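Below is one structure, written out as structure tokens, with a few remarks after it.
Each value in this text was obtained by applying a stated rule to the coordinates, not by laboratory testing. On a predicted model such as this, the values are computed, not experimentally measured, just so you know. We place every Cβ from the backbone using ideal geometry, glycine too, and count neighbours over all the protein chains shown.
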Amino acid sequence: MVAYEYNGKRIPYKHGYPFRLIVPQWYAMASVKWLRNIFIIQHQFNGPFQTKDYVYYPYENSDLDKKPVSAINVNSTIQHPLGSFHC
């Protein structure tokens, strides 16, 4: 989906003006901002964000089985406060 408005107004520059590509099931950081052209290609695109930066590496010293980041893994926990807790 190509977005050109945000809350009924033109997309601000910091959010991708003039157009932003929105891809369902991919987190926003992976969505292309400042979109001006779309090219259809028949091979995997090998830009730095697709091959190095936004990639999960399952093995510390190898590119084997690497996959693109399409969702952010949860890296937080929710805990009850210490001490007495009254509702």
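General remarks:
- Calculated from backbone phi, Karplus (6.51, -1.76, 1.60) coupling profile of segment 10-25 in Hz, x at Gly/Pro: 3, 4, x, 3, 5, 9, x, 3, x, 9, 9, 8, 10, 10, x, 6
- Unsatisfied cross-links (Cα-Cα over 26 Å) in the set K9/K33; K14/K66; K14/K67: K14/K66; K14/K67
- Scanning residues 5 or more positions from Y17 or on other chains, those with amide H under 5 Å from its amide H are W34, with H placed 1.01 Å from N in the peptide plane.
- Overall form of the chain per C-alpha gyration tensor (a/c, 1.5; a/b vs b/c): oblate
- Rounded to the nearest 20 debye, the dipole size of the chain about its Cα centre is 480 debye, using +1 on the Cβ of Lys and Arg and -1 on the Cβ of Asp and Glu.
- From phi via Karplus (6.51, -1.76, 1.60), per-residue ³J(HN,Hα) for segment 71-82 in Hz, x at Gly/Pro: 8, 8, 6, 5, 10, 9, 10, 10, 10, 6, x, 6
- Contact order relative to length of segment 11-87, as percent, for alpha carbon pairs under 8 angstrom and 6 or more apart: 23 percent
- Gaussian network model of the chain, Cα within-10 Å springs - most flexible of I72, I40, I22: I40
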